[in-house]
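First the structure, in the form of structure tokens, and then the observations on it.
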Amino acid sequence: MIVLKDVSKAFGGVQANKKVSLEVEEGKITGLIGPNGSGKTTVFNSIVGYHPIDEGSIQFRGQEISEMPVQSIARLGLLRTFQQTRIYSKMNCVENMLISTDNRNVSLWDMFGSRTSEIQDKAEHLLEFVGLYRKRTLKAGDLSFGQQKLLEFAMALMNDPDILLLDEPTAGINPTLINGLIDRLHRANTEFGITLFVIEHNMRVIMNMADQIYCLSNGQMLASGKPEDIQNDKRVIDAYLGGH
């Protein structure tokens, strides 16, 4: 579904990514790991169009997207979430869901008017899916950080993505919420058919969730393989423990 070939990106004199190549298979959960500063988020930002790459190729379903604007890439069905949530804190949960939709056929009256619309039904269904239905009338800013991440996940689902890039979905979340989030990610993958590409620092989470894992170090691809291969790769162990 996504193919990166020899992608490089520098910021001034800092080489964030150097000839990074990887593939994200449709219908699977792919993990991207690496120490802090290894270039993981830059890979995500390049894929969705936030950072024009210096060289290389990024393809989505066989189409070159490396020079496409962010909105055009999103409309292809490729969306991402962020380490820090991007929600509308003064709006309630339902309003956040409605304002996030990219459906140009839905008027503001449909979204915020007195009559119930199909888009509102979908918003409430997805809030129930992520476990936030009972909090649907609360302002998003009053939710815990973990609940805000669940809301952002639901907001992304409003646009029926083909693939969702998740940047550290469990970071900062209360451990009691992590298992619930993992379950919903699995269900989004299996029930909704959404391909997932996940950056994650929690090794237990990514090893139990991903079908394929790539590991970056110093902006370059260090290793790739099945979770059991990555878990036992000395290069990966050294990178995380400071030996690399």
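The values are calculated or read from the model by the stated rules, or taken from the named source; none is laboratory data. Quantities reported herein were computed from a predicted structural model and do not represent experimental measurements. Cβ atoms come from the backbone with ideal geometry, glycine included; neighbour counts cover every protein chain shown.
Per-structure values
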read-out: Cβ-Cβ under 7 Å pairs, at least 6 apart or on other chains, region 198-222 side within 13 Å of G37 (Cα to Cα), far side part of a helix (DSSP H, G or I) and charged (D, E, K, R); value: I199/K40; L216/K40
read-out: Strands (runs of 3 or more DSSP E) completely within region 1-66 that count 1 or more residues being within 26 Å of R204 (Cβ to Cβ) and among the aliphatic types (A, V, I, L, M); value: 2-11, 14-24, 29-33
read-out: Single residue of region 230-244 satisfying the filter (touching a residue at least 12 places away in the same chain (Cβ under 8 Å) and part of a helix (DSSP H, G or I)) that is farthest from Q15 (Cα to Cα); value: Q231
read-out: Filter pass, E64 being farther than 23 Å from N208 by Cα, of a type in the set (D, E, K, R) and either surrounded by fewer than 14 Cβ atoms within 10 Å (Cβ to Cβ) or modelled with pLDDT under 95 (or both); value: yes
read-out: The one condition in (1) at pLDDT 95 or above; (2) more than 24 Å from V48 (Cα to Cα); (3) surrounded by 15 or more Cβ atoms within 10 Å (Cβ to Cβ) that G131 fails to fulfil; value: (1)
read-out: Residues of region 112-128 satisfying the condition of being at pLDDT below 50 and in a helix (DSSP H, G or I); value: none
read-out: Total residues in region 204-238, condition over 26 Å from D54 (Cα atoms) and of a type in the set (A, V, I, L, M, F, W, C); value: 8
read-out: Single match in P69, P52 (criterion: modelled with pLDDT of 90 or more, within 23 Å of N218 (Cβ to Cβ) and surrounded by fewer than 20 Cβ atoms within 10 Å (Cβ to Cβ)); value: P52
read-out: Residues satisfying the stated conditions in region 133-148, i.e. over 10 Å from C93 (Cα atoms), in a helix (DSSP H, G or I) and among the small types (G, A, S); value: G146
read-out: Options M207, M221: the member that is out of contact with any helix residue (DSSP H, G or I) (no Cβ under 6 Å at 6 or more places or on another chain) and either surrounded by 14 or more Cβ atoms within 10 Å (Cβ to Cβ) or in a strand (DSSP E or B) (or both); value: M221
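Quick grid of which residues meet (1) outside the structural domain of L132 (by TED's automatic domain parsing); (2) without any contact (Cβ under 8 Å) to a residue 24 or more places away in the chain:
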residue	(1), (2)
F145	no, no
K149	no, no
A154	no, no
L166	yes, no
T170	yes, no
N174	yes, no
G180	yes, no
D183	yes, yes
